[in-house]
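Report on the following structure.
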Amino acid sequence: MLYQSLRILPEVSLAFAKNQPVIALESTILTHGLPYPQSFELLEELEALAKDNGAIPATIAVIKGQGVIGLSKEDRLYLKSLLMGDSEATAHKLSTRELPFAMVKGFTGGTTVSATLKLAQLAGIKVFATGGIGGVHRGWQQRPDISMDLGALASIPMIVVSAGCKAILDIPATLEALESLAVPVLGYNTEEFPSFYSRQSGQRVLAASAPEIGKTYHQMRALGYNQGILVANPIPAKSEIPFEKIQEKIEEAIEMAASAGIRGKELTPYLLDALAQITGGESIRANLALIKNNLLVAIEIARNLG
Ligand code: PSU
Ligand code: MN
């Protein structure tokens, strides 16, 4: 058997050859983060937005055991067929620890931030746009549910543009963990760490511009660091859900998850879905707006990377 199998979309290889910015996108948001068909509409909008702004998107996933850097037409059709339940196979949620076994078994799935980082690194990508990273879940004192996204950020040199971490998490604890792991967290032109749906979180970070983020990335390489950089870019004001308002709904969603006994890798998709129901879709509208905004900032940073 062939160990490590990656397929790079020709358009992505060409972008490397032409020195055009290439931005990695994750796919768990498609398979587990958003309902179908909104998920695929978002994918198409994101890819068009990247191209309109002179960048090439590389949506990363695992298709039949192969790491895919940029989805082909066939990949999209196949993933859609799994999400619509037209096939026996299921779309898995793949984080770093699941990736090797999934490749051996020929599984198909969406890659989380951690697994996307791993595959993007192998492909030579330096900038990745996502919604919100995973982190330390509330209640970690009882059960230490800490996303593999943090370990991946600590060991893979990549600029990850997010709207902060997911609001459902323990945000101060997530920032503490990132500090312990020596992952720089830079606010994109802001000193307040955003909390996904909201521009506020009450937590302070250092503010940085796109050129400063690019230079910090190079400085880290010069110093021999393995860490990536977490860029925290606030959701546009017109799409935000105020911090106090969303907190109540998050607590409701967490209670629902607890009484349904949901834990492990099912927890995040469950909470996002519960929040979408509780907010009547407002959380999904906010999610769509912030990810587009993150993509634009990722392109701006990639241009400044030199
Ligand atoms: N944030 C979202 N939607 C998502 C995710 C994060 O708004 O779908 C996904 C990302 O792929 C992230 C993953 O890497 O959830 C984290 O899952 P966990 O908490 O199980 O590590
Ligand atoms: Mn977890």
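The values are calculated or read from the model by the stated rules, or taken from the named source; none is laboratory data. Everything numeric in this text was worked out from a predicted model, so none of it was measured. As a convention, Cβ positions derive from the backbone with ideal geometry for all residues, glycine included, and neighbour counts pool all protein chains shown. What goes into the accessible areas is simple: the full protein's heavy atoms, side chains included, and nothing from ligands, DNA or RNA. Shrake-Rupley method; radii C 1.70, N 1.55, O 1.52, S 1.80 Å.
Computed extension length for Glu248-His218: 6.7 nm, one decimal, from 0.36 nm per residue of separation with the Cα-Cα distance subtracted.
Please get the size of the charge dipole for segment 1-132, origin at its Cα centre, with Cβ charges of +1 on Lys and Arg and -1 on Asp and Glu, quoted in debye to the nearest 20. Don't skip to the end; give the middle numbers.
Details: 12 positive and 12 negative charges, 96 e Å.
It works out to roughly 460 debye.
When the Gaussian network model of the chain links Cα atoms closer than 10 Å, the mean-square fluctuations of Leu150, Leu14, Leu206 top out at Leu14.
Please report, ordered by residue number, every helix of the chain (full DSSP H runs) that is 30 Å or longer along its axis going by C-alpha atoms and whose mean Kyte-Doolittle hydropathy reaches 0.5.
Values: long enough: 282-303 (32 Å, 0.61).
Span-like helices in the chain: 282-303.
Only beta bridges with both residues in the chain are counted; by DSSP, about 30 percent of them are antiparallel. For the set His32, His218, solvent exposure ranked by accessible area (probe 1.4 Å, protein chains only) runs largest to smallest as His218, His32. Between segment 52-124 and segment 203-230, how many Å separate their Cα centres? Segment 52-124 and segment 203-230 have Cα centres separated by 28 Å. Toward the positive end of the charge dipole of segment 73-129, with +1 on the Cβ of Lys and Arg and -1 on the Cβ of Asp and Glu, the farthest Cα among His92, Met103, Gly124 is that of Gly124.
Of the listed residues Leu6, Leu230, the order by accessible area with a 1.4 Å probe, largest first, is Leu6, Leu230.
Rounded to the nearest percent, how much of the accessible area of segment 1-151 (1.4 Å probe, protein heavy atoms only) is carbon and sulfur?
Details: 3660 of 6740 Å².
Carbon-and-sulfur percentage of accessible area, whole number: 54.
On the basis of the beta-carbon distance and an R0 of 25 Å, Lys238 and Gln38 show a calculated FRET efficiency of 0.80. If you keep only loop residues by DSSP, which GluC sites (Glu not before Pro) in segment 171-211 have at most 11 other Cβ atoms within 10 Å of their Cβ? Hits after loop and neighbour filter: Glu191. Pick from Ser162, Ser81, Ser198: which residue has the top mean-square fluctuation in a GNM of the chain where Cα pairs under 10 Å get a spring? Among Ser162, Ser81, Ser198, the largest GNM mean-square fluctuation belongs to Ser81. Relative intensity of the chain on a log10 scale, I(q)/I(0) at q = 0.08, 0.13 Å⁻¹, equals -0.31, -0.87, per a Debye sum over C-alpha point scatterers of equal strength in the absence of solvent. In loop segments of segment 1-92 as defined by DSSP, the chymotrypsin sites (Phe, Trp or Tyr not before Pro) with at most 14 further C-beta atoms inside 10 Å of their C-beta are Tyr3. Checking every one of the GluC sites (Glu not before Pro) in segment 47-148 against DSSP loop status and a limit of 14 other Cβ atoms within 10 Å picks out Glu88. The mean sequence distance of close C-alpha pairs (under 8 Å, at least 6 residues apart), as a share of the length of segment 1-132, puts its relative contact order at 33 percent. The residues of the chain expose, per residue, 43 Å² of accessible area to a 1.4 Å probe. Using a probe of 1.4 Å on the protein chains alone, the accessible area found for Ile262 is around 50 Å². Across the chain, the mean sequence separation of Cα contacts (distance under 8 Å, 6 or more residues apart), normalised by length, yields a relative contact order of 18 percent.
In this structure, the pairs whose alpha-carbon distance is over 25 Å, taken from Lys80/Lys265; Lys93/Lys238; Lys64/Lys118; Lys18/Lys215; Lys166/Lys245, are Lys93/Lys238.
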